[in-house]
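The values are calculated or read from the model by the stated rules, or taken from the named source; none is laboratory data. In this text the structure is predicted, and so the values were computed from the model without any measurement. Heads up, the Cβs are rebuilt from the backbone with ideal geometry, glycines too, and the neighbour counts pull from every protein chain shown. The accessibility values were calculated without ligands, DNA or RNA, using every heavy atom of the protein model including side chains. Shrake-Rupley method; radii C 1.70, N 1.55, O 1.52, S 1.80 Å.
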Amino acid sequence: MKRLFYFVLLLVGISTIHSCKDLLDEDGNPLVDINDNTGLNGPRALYREITDSDTLATYYYNGLQLSKVVTDSMNSTTDLAWSGDKVSRIDFKGFLDLNGNGKLDKDSVIFTQQFTYGSTGRIETISENRSFFKRSITAPYTPLVPGPQTLYKKTKTLYTLKYAAATAKLDSIIMRNGPEASGTPFVYTSYSKTKYEYAGDNVSKVTRNYGPMGSTGSFGSPTTKLGYEFTNYDTKINPFTLIPNAYKISRLLSTEANDVKSWILSPNSPQRYSVTDLGTPIPTPVVFSTNYNYDAQTYMQKGYGVNYIYKPL
């Protein structure tokens, strides 16, 4: 399982900082110019995340509610359904980097997540059904001319979210996962436990352990342990404060490597973070750092090779 550790390092190490020109949104409205420090006045929404070579995400809204996110150059799509003021369901259709090579897989993924809320209004469980598709490269198909996308695997996952009684902050997420096959009784076969720690309101440390589940539903000994620390937070506004919490959690859960982005749950942005394989005899953190740019309203505009573009509401 060391492959997951190197997958995380690859994920965070490929971006470079680059300036960009003025942009318009899909309605022709001017966006924040990230080459100056003018910013926006009044209500705003996060519109895009871009690097020097690609558009990472474009956010679409129905009124004030986030309704769709289109990610990566292959136009993967996340649709959000709302029930009142809460996200009730998220549907993803597209491509993820599940094999850890730093590139989007050519095989596609579809998943649906249903959100259940408690009496406090916080998310308590997320039920996920995921389908995996792949394209045949055996005759009569070839790697250059692969066959159509064909379903080859389905899984079910249950995420249970716990909150600290004293602070109401997210304390942990327990994942239970298993393969779904027609005619076979479903059982969970693997798990992960993610623990969150805070410095003030900001996420300061995340630890995630992965392991097998026993036939009685017990948790086996962890086979992989990864740790993430987020430090040197600024006092400015994190772009993801404009995004609903349900989408941020869904984004973190979309692949096993996304815990490295857990700072998106914070109101501020860390200028330094580290990734550590805690399963080694002498754990050695790999450290990443950045200097941020901000607009006049103190919203973060650039960091870790990503530019954040806003639009007026």
Quiz item: Pick from segment 262-272 the residues that are touching a helix residue (DSSP H, G or I) at 6+ places or on another chain (Cβ under 7 Å) and crowded, with 18+ Cβ neighbours inside 10 Å: which of them is nearest to Tyr59 (Cα to Cα)?
Solution: Ile264
Quiz item: Among Lys68, Lys86, which is the only one that is closer than 17 Å to Leu242 by Cβ, touching an Asp or Glu at 6+ places or on another chain (Cβ under 9 Å) and among the basic types (Lys, Arg)?
Solution: Lys68
Exercise. Quick one: Tyr198 ticks every box in (1) in contact (Cβ under 8 Å) with a residue 60 or more places away in the chain; (2) out of contact with any Phe, Trp or Tyr (no Cβ under 9 Å at 6 or more places or on another chain); (3) hydroxyl-bearing (Ser, Thr, Tyr) except a single one, so which number is it?
Key: (1)
Quiz item: Restricting attention to segment 44-65, which residues are farther than 17 Å from Tyr247 by Cβ, in contact with an Asp or Glu (Cβ under 9 Å, 6 or more places away or on another chain) and open to solvent by less than 20 Å² (accessible area, probe 1.4 Å)?
Solution: none
Quiz item: Taking the condition surrounded by 12 or more Cβ atoms within 10 Å (Cβ to Cβ) and at pLDDT 55 or above, does Phe92 pass?
Solution: yes
Practice problem: Report, ordered by the first and then the second residue, all pairs with beta carbons closer than 6 Å, sequence separation of six or more or different chains, a first member in segment 164-178 that is part of a loop (DSSP other than H, G, I, E, B), and a second member that is at pLDDT 95 or above. | Solution: Ala164/Asp171; Lys169/Tyr198
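When you look at Ser127, is it over 16 Å from Glu256 (Cβ atoms), within 17 Å of the chain's Cα centre (by Cα) and open to solvent by less than 60 Å² (accessible area, probe 1.4 Å), yes or no?
Yes; evaluated as a whole, the condition is true for this residue.
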Quiz prompt | Selected residue [surrounded by 15 or more Cβ atoms within 10 Å (Cβ to Cβ), closer than 20 Å to Val306 by Cβ and modelled with pLDDT under 95] from Ser108, Ser76 | solution = Ser76
Practice problem: Quickly run through segment 157-169 and pick out the residues that are over 11 Å from Thr125 (Cβ atoms), open to solvent by less than 60 Å² (accessible area, probe 1.4 Å) and either touching a Lys or Arg at 6+ places or on another chain (Cβ under 6 Å) or not basic (Lys, Arg) (or both). | Solution: Tyr163, Ala164, Ala168
Exercise. Considering every residue within segment 170-188, establish whether at least one is surrounded by 16 or more Cβ atoms within 10 Å (Cβ to Cβ), touching a Gly at 6+ places or on another chain (Cβ under 9 Å) and farther than 24 Å from Gln297 by Cα.
Key: yes
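Of all residues in segment 65-123, count the ones that are assigned to a strand (DSSP E or B) and without any contact (Cβ under 8 Å) to a residue 12 or more places away in the chain.
Residues flagged as assigned to a strand (DSSP E or B) and without any contact (Cβ under 8 Å) to a residue 12 or more places away in the chain within segment 65-123 amount to 3.
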Self-check item: Residue check, Thr223 hydroxyl-bearing (Ser, Thr, Tyr), open to solvent by 30 Å² or more (accessible area, probe 1.4 Å), in contact with a Gly (Cβ under 8 Å, 6 or more places away or on another chain) and under 30 Å from Tyr292 (Cβ atoms)
Solution: no
Quiz item: Is one or more of the residues making up segment 275-284 over 25 Å from Met175 (Cα atoms), open to solvent by 50 Å² or more (accessible area, probe 1.4 Å) and either touching a residue at least 24 places away in the same chain (Cβ under 8 Å) or of a type in the set (D, E, K, R) (or both)?
Solution: no
Practice problem: Evaluate segment 208-219: report whether one residue or more is crowded, with 17+ Cβ neighbours inside 10 Å and within 16 Å of the chain's Cα centre (by Cα). | Solution: yes
